[in-house]
Every structure is written in structure tokens, then in C-alpha cells.
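The values are calculated or read from the model by the stated rules, or taken from the named source; none is laboratory data. What you are looking at is a predicted structure, and each value in this text was computed from that prediction instead of being measured. Every residue, glycine among them, receives a Cβ derived from its backbone with ideal geometry; neighbour counts consider all protein chains shown. What goes into the accessible areas is simple: the full protein's heavy atoms, side chains included, and nothing from ligands, DNA or RNA. Shrake-Rupley method; radii C 1.70, N 1.55, O 1.52, S 1.80 Å.
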Amino acid sequence: QVQLVESGGGLVQAGGSLRLSCAVSGSIFSISAMGWYRQAPGKQRELVATVTYRGGRTNYAESVKGRFTISRDTAKNTWNLQMNSLNPEDTGVYYCNVAATSNYWGKGTLVTVSS
């Protein structure tokens, strides 16, 4: 059974940093990309950043470009999201995702940025 487990969320002041990590247990085949999505209160889930499994090509939401960095370790099937210069609009539940023949999701980790 495949499980994705996020870690690293928490409460931080505006301007601060957090690092999220996601680990996969179980086997997933034909992975095309790994990513992070977030859902703010009362809003739909949105893409934050993705990285392709082969080649490491990254894609970011406009709102996080220059502040967030996604990285992956394909040998360990883990990936991270370094978040700098956080602002209150970054508050939400952050979900890690694997895009393969199916989509896999973690349960989410809460990030709260206070002003």
C-alpha cells in the first residue's frame, strides 16, 4: 500500500522560513512528477510547485516564484519544499503529490503564517 507522509509544517511569523518534506512508502511505478499543492481556508486546492521525476524540471505558481524551492531525491523517493519569505497568504494545508499512472496524495500538513 502506498503512503505519502508530509512533515515540517507549523506556525511561523511573516518573513520566516519553513521546509516541508514528503516521503513515500510502498512502490510507485512510472512516476512522472512530484509536487506540492496547498489549500487555504475557503479556497480550492492549488498547485504550488512540481518537479519532474526524470530531469528535475521545476514549475512554480507565480505567487511563490523566487521564494519557494522544490527539490527531490529520486533514490529515496523523497522531495522537499523550502519556503522562504513567507507571508500570511501562504497559510494553508500543504499536500504532497505524486503523479504516476495514478495520482497519490498525502494527508497534508498545516502551515500557518502570522502577520
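Just one of Ile70, Ile28 is open to solvent by less than 40 Å² (accessible area, probe 1.4 Å), more than 15 Å from Gly106 (Cα to Cα) and of a type in the set (A, V, I, L, M); which is it?
Exactly one residue qualifies, and that residue is Ile70.
For the range 31-40, filtered to residues that are under 13 Å from the mean Cα position of the chain (by Cα) and open to solvent by 30 Å² or more (accessible area, probe 1.4 Å), the residue that is farthest from Thr78 (Cα to Cα) is Gln39. Scanning the range 63-115 for residues that are of a type in the set (D, E, K, R), out of contact with any Asp or Glu (no Cβ under 9 Å at 6 or more places or on another chain) and either assigned to a loop (DSSP other than H, G, I, E, B) or farther than 16 Å from Ser7 by Cα (or both) returns Lys65, Lys76, Glu89, Asp90.
Going residue by residue through the range 33-51, is there one that turns out to be under 24 Å from Gln3 (Cβ atoms), free of Cβ contacts under 8 Å to residues at least 12 places away in the same chain and not in a loop (DSSP other than H, G, I, E, B)? No; the residues of the range 33-51 include none that is under 24 Å from Gln3 (Cβ atoms), free of Cβ contacts under 8 Å to residues at least 12 places away in the same chain and not in a loop (DSSP other than H, G, I, E, B). Screening the range 73-115 for residues that are charged (D, E, K, R) and in contact (Cβ under 8 Å) with a residue 12 or more places away in the chain and picking the one that is most open to solvent (accessible area, probe 1.4 Å) gives Lys107.
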